[in-house]
Amino acid sequence: MQTFNAITSAIFKPILGWFGSYSGLVDIVFWSLLGGVVALLVYKVVSNQKGIEKAKNDIKVHLMEIRLFQDDLLGVLASTCKILGKNVLYIGHNIMPMVVMFVPMMAILFQLEAHYAFDPIRPGTQQILTLKLDREVTDVMARDITLETPAGIVLAAPMVPAVDEAAWLLDIQEPGDHVLTIRVGDEVIEKGVAVGGEPRRVPYLRTKTWEGYLYPGEQALDSDSAVKEVRLKYPERELPIIPGGELGIMASFLALSLAVGFAMKGVFGVTL
C-alpha cells in the first residue's frame, strides 16, 4: 500500500493544481476523460475481443429465435438457456479486463480525491480527532493514550476513551501545517493537521487497513502498529460546476470516464 501510494503520489503531485482556483474542475474533467480513454485501450488489449463479439452475436441470434419461434415452447426454453449460457461466457470474457482496468482508474480517482475532496481546516473552528486501537497487536488501554498538541492547536475538552477507541476535541487556532504527537505505550505516532491557507492535499487519515489506498495524503501506519487508524475530519471542498466532496468527485469521475469510453469505442474499434 505504501509503495502504491508513494508511486502514484510522485506521479500526480507535480502535474495537478496548475490552474489556480479552477484546478479542481479542470483536473477532474481532464483526468476523468483521459481515464476513460486509458480504460478503453486497456480493455481492448487485455480482453478477448473476438470472443466478446461472438458471444454478443450468439445472444442476438438466440433472441431472434425466440421471436421467430415463440409458439414453440421447448424451442423458446432452449434458446433462453442458451442466452443465459452466452451471458455467463460474455461476463467471463470481461472479468480480467475489468480487474486490470481497476488499477489505473482507481489510482487516478484516489489522487483526485486526495487533492480536491477536502479543504484545510479553518482557523477558529473545532474538529474531532479519533484513534482506533488494534487489539490483535496491543493491550494498551485507550485511557492511557496521550496526545501532545503543537502551538496553535489546543485541547477543547478532555479525551473521551472507549474500549478500543479514543477521541479528542481540538480547538484549531492558528494556520499552518501542524503535527500532533500521539503516544500509545512505547509507540509514537505523528498525525498531520492542515489549517488555513491555500487549498492543498490534506492529511485526512493514517491507517494500516485497505482504506489507506483511498487517502494517500499521509504515510500509512506500520503493519505491526498498535493503532489501526487515526482520523481527523476536514470540511468538504466546494468545486465550480461539478459537485464537491468525495461522493461528488467519484460520481463525476465515473460518469465522465464511462461517457467518453462509450463515445470513443467506435473510434478505437473496441467491442464492449
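Read-outs: derived from the displayed coordinates by stated rules, not from any lab. Fair warning: this is a prediction, and the values are worked out from it, not measured in the lab. Here Cβ is always computed from backbone atoms with ideal geometry, including for glycine, and neighbour counts include all displayed protein chains.
At 0.36 nm per residue, minus the direct Cα-Cα distance, what do residue 46 and residue 72 gain on full extension? Give it in nm, one decimal, please.
Values: separation 26, 0.36 × 26 = 9.36 nm, distance 4.03 nm.
Stretched fully, the residue 46-residue 72 segment lengthens by 5.3 nm.
In the chain, with Lys and Arg counted as +1 and Asp and Glu as -1 at Cβ, which of these residues, 192, 262, 12, has the Cα nearest the positive end of the dipole, that is, farthest along it?
Final value for the positive-end residue is 262.
The range 1-92: which chymotrypsin sites (Phe, Trp or Tyr not before Pro) are DSSP loop and have at most 16 other beta-carbon atoms within 10 angstrom?
18, 19, 69
With charges only on Cβ, +1 for K and R and -1 for D and E, what is the dipole size of the chain about its Cα centre, in debye, rounded to 20? Walk me through the intermediate numbers first.
Values: 24 positive and 30 negative charges, 266 e Å.
Roughly 1280 debye, rounded to the nearest 20.
Report the Cα centroid-to-centroid distance between the range 52-82 and the range 103-123 in angstrom, as an integer.
Value for the Cα centre distance between the two parts: 47 Å.
State to the nearest 20 debye the size of the charge dipole of the range 125-232 about its Cα centre, where the only charges are +1 on K and R beta carbons and -1 on D and E beta carbons.
It comes to approximately 280 debye.
Please work out which option in (1) -0.21, -0.28; (2) -0.32, -0.42; (3) -0.39, -0.49 gives log10 I(q)/I(0) by the Debye sum over Cα atoms at q = 0.07, 0.08 Å⁻¹ calculated from these coordinates, and answer with its label.
Checked against the structure: label (3).
By Kyte-Doolittle mean hydropathy of at least 0.5 and Cα axial length of at least 24 Å, which whole DSSP H helices of the chain are selected?
23-46, 73-116, 245-264
Choose one of 140, 152, 30: the residue whose Cα lies farthest towards the positive end of the charge dipole of the chain (beta-carbon charges +1 Lys, Arg; -1 Asp, Glu; about the Cα centre).
30
With θ set to phi - 60°, apply the Karplus curve 6.51 cos²θ - 1.76 cosθ + 1.60 along the range 162-169 and write out the HN-Hα couplings as whole Hz, x wherever there is a Gly or Pro.
For the range 162-169, the Karplus-derived couplings read 10, 5, 10, 9, 9, 9, 10, 9 Hz, x marking Gly and Pro.
What full-extension length gain, to one decimal in nm, is calculated for residue 126 and residue 84 as 0.36 nm per residue of separation minus the Cα-Cα distance?
Working: separation 42, 0.36 × 42 = 15.12 nm, distance 5.63 nm.
Answer, rounded to one decimal: 9.5 nm.
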